[in-house]
Each structure stands twice: as structure tokens, then as C-alpha cells.
Amino acid sequence: KTQVVITDQADVGDLVLDESGRLYLYYYGWTVGEQQNLPAMAVSEDNGETWTFKYMEFEGFPNRGNVSDPNVVYDDGVFQLYGSTRDNGQTYILHGESTDGIHFTYKGVAFKPTEGNAGVASVYETEAGWNLFSLASLGFNDGSEPGKIWVATSSDGEFFENKDTLLLNDGKNAYFNG
């Protein structure tokens, strides 16, 4: 709405607001300062007028913290991070936690499908529990059905079980496949 570019070469942006009014912008960047191809963030203390850029830090994550496509959920002083990683030919979702929104500690694998890939997660909490939507077709030549999205649920936001798939088969219509 402001028509102001905060950063360029950013992908899969996610904006979080804490209880003090501080904004946290998470994204995956091709060029991030002196580094390339990594998750990063910017913090605004003045409702988005100015931003301070920071590198995210990952403690205990597999693949040396190789996490992409960050999705962050903030609740009661804790930042829950859900990010994609690729290992042994499969892409899946990792989970980490932080109290400052910058330094994340590995909590475990949040979602790993029994077949195929899962990436670019979108997680949210409702009164009934936690929900995760994740792309199954990531552009790899792995036989994934274009437009397929994993639908998974969790009682605690740490480990998600697949419940269904959603198909966006023609770019216009969505339907559950199950």
C-alpha cells in the first residue's frame, strides 16, 4: 500500500507483528548483503517507515541451517519458524523457535510427506489446532502433480500429519482430493 520497495530479489515474504507493534519481515533472498541464496529478515520499529536488515541465525538445524522459504507464526512471545530444506533428494519442512525473531533453535521435522516433496509452507493456528499447507510440486522432475498442495494438521504446531491434498489444477478451481 505504501508503494515503497523494502528489498528487491526477495521471495516468499512473510510479515509478523509482535505485541509491541514491531514488524518483522521474513523472506528468502537471492542477494542479501554480502551473501546469496538464504533466508533473511528486516525489522521495523516505526510501523514500516524504516527497516533494519539482519541475517537469521540457526542453531542445531540439519544441513548447516539450509532453510528456505521461511514462514513465521508469532504467538505469546514465541516465533515459530517453518522452512523448507532439501536432503537426499527430498524437500520437507523443518520447525524452529525463537524468542527474539532472529536466533532460531531447531525443534524437529514439522512435515515430511511419505512420498514426494513438501516445500513453501504456510502455517496458521485456529481454536481447533494448527494447519499447514505445503506445495507438493516444486518444479523438480519428480513426477509431482502440478497444483498439488499437502494439507496437514497438528495439535501442538510441532509435528504435522497429512490429512488431505488440495489440487489447483487449472489455476481457477481448487478442490480437495480425498
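The values are calculated or read from the model by the stated rules, or taken from the named source; none is laboratory data. Everything quoted here is computed from the prediction, not taken from an experiment. In this analysis, Cβ positions are derived from the backbone assuming ideal geometry, glycine residues included, and neighbour counts consider all displayed protein chains. SASA here: full protein model, heavy atoms, side chains in, ligands and nucleic acids out. Shrake-Rupley method; radii C 1.70, N 1.55, O 1.52, S 1.80 Å.
Couple of notes before you dig in:
- Pairs of lysine residues in the chain - Cα separation under 25 Å, sequence separation of 8 or more or cross-chain: 8
- Residue-normalised accessible area of the chain, expressed per residue, 1.4 Å probe, Å²: 57
- Ellipsoid fit via the Cα gyration tensor, the chain: semi-axes of 27, 18, 17 Å, each the root of five times an eigenvalue, largest first.
- Simple spin-label estimate for Phe133 and Gln3 gives 3.0 nm between the two label positions (7 Å along the Cα-to-Cβ direction from each Cα).
- Of Asn47, Asn71, Pro113, farthest towards positive along the dipole that unit charges on Lys, Arg, Asp, Glu beta carbons give the range 14-116: Pro113
- Computed over the range 51-128, the ratio Rg/Rh where both radii use C-alpha atoms and Rh is Kirkwood: 0.98
- Simple spin-label estimate for Tyr74 and Thr153 gives 2.9 nm between the two label positions (7 Å along the Cα-to-Cβ direction from each Cα).
- Straightening the chain between Tyr124 and Trp30 buys 31.2 nm, computed as 0.36 nm per residue apart minus the Cα-Cα spacing.
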